[in-house]
Amino acid sequence: MEGRVKELLMVAFVVCSATPVLTQESQAQSSNLKQYYSGKFGFYQPGDGLNNGLVLGVDGITEFLHYQFFIGGAIDLYPKQTFDFFTGPSKPRDVVQQSIILVPLHVNAGYQFFDIPNADSRGYIGAGFGYYFYFYNVEYRTGGGILGGFTNTTESKNGGALFATAFVRALIGKVFVEPRLYFAQKTADSVGGYSYVVNPSGFAITIGFQY
């Protein structure tokens, strides 16, 4: 029994002795980088008839403190129901309802170009690349003519392409403002014999909270 107690005391001593070392290593690691998560919303102006609208987004950032540099991943969301991205001499006139959702997924790298510790303010400039997905649903009226009679037809399309992006993020405390440019490949397709083009290239400015 006495030998068992001695063994337990020895294990406790070793654990207590190792704890400060592990704590110091953890602190050293945390002083090398920080990780943040943020949510944002704002104004988005895409190209080719998609129309201006609301954009939402979330991202995760890993900042390397000694190098004034960060990398991160982000996902944006742009839903829209009022737009006209059809091309060609003939366009559908009998669209009952339609909706599109753009989902750009991208990775980014940024460099800190100013830091004001007394005001808890920082600024970053950077660029990234990714792939966007779109999901398009439309209901349009067909038929008519001499015999009359109309039928509503529903179609769904989806696709995507590569894009690049450039941005500036100004952070004050936990609040940031972020202007961003999108440079995307166009995606062309058709519904009901009518051609359309999806082009997310454009400009966005968002406000968000970084934690």
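The values are calculated or read from the model by the stated rules, or taken from the named source; none is laboratory data. All figures in this text were calculated on a predicted structure; none of them were measured in a lab. No Cβ is skipped: glycine too gets one built from the backbone with ideal geometry, and neighbour counts run over all protein chains shown.
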Hey, Ile71 assigned by TED's automatic domain parsing to the domain that holds Asn51 and modelled with pLDDT of 95 or more or not: yes
query: Any idea which of Ala127, Ala164 is under 14 Å from the mean Cα position of the chain (by Cα), without any contact (Cβ under 8 Å) to a residue 40 or more places away in the chain, more than 16 Å from Lys40 (Cβ to Cβ) and not in a helix (DSSP H, G or I)?
result: Ala164
- request: Would you please name the residue that is nearest to Pro117 (Cα to Cα), looking only at residues in segment 149-161 that are loosely packed, with under 14 Cβ neighbours inside 10 Å and over 21 Å from the mean Cα position of the chain (by Cα)?
  value: Ser156
query: Pairs under 8 Å by beta carbon, first residue buried (at least 19 other Cβ atoms within 10 Å of the Cβ) in segment 169-188, partner modelled with pLDDT of 95 or more and basic (Lys, Arg), six or more apart or different chains?
result: Leu171/Arg122; Phe176/Lys40; Phe176/Arg169; Glu178/Lys40; Glu178/Arg169
message: So for segment 190-199 (the condition being in contact (Cβ under 8 Å) with a residue 40 or more places away in the chain, in a loop (DSSP other than H, G, I, E, B) and polar (S, T, N, Q)), does at least one residue qualify?
response: yes
- prompt: Based on what the data block shows, is Asp84 of a type in the set (D, E, K, R) and at pLDDT 95 or above?
  reply: no
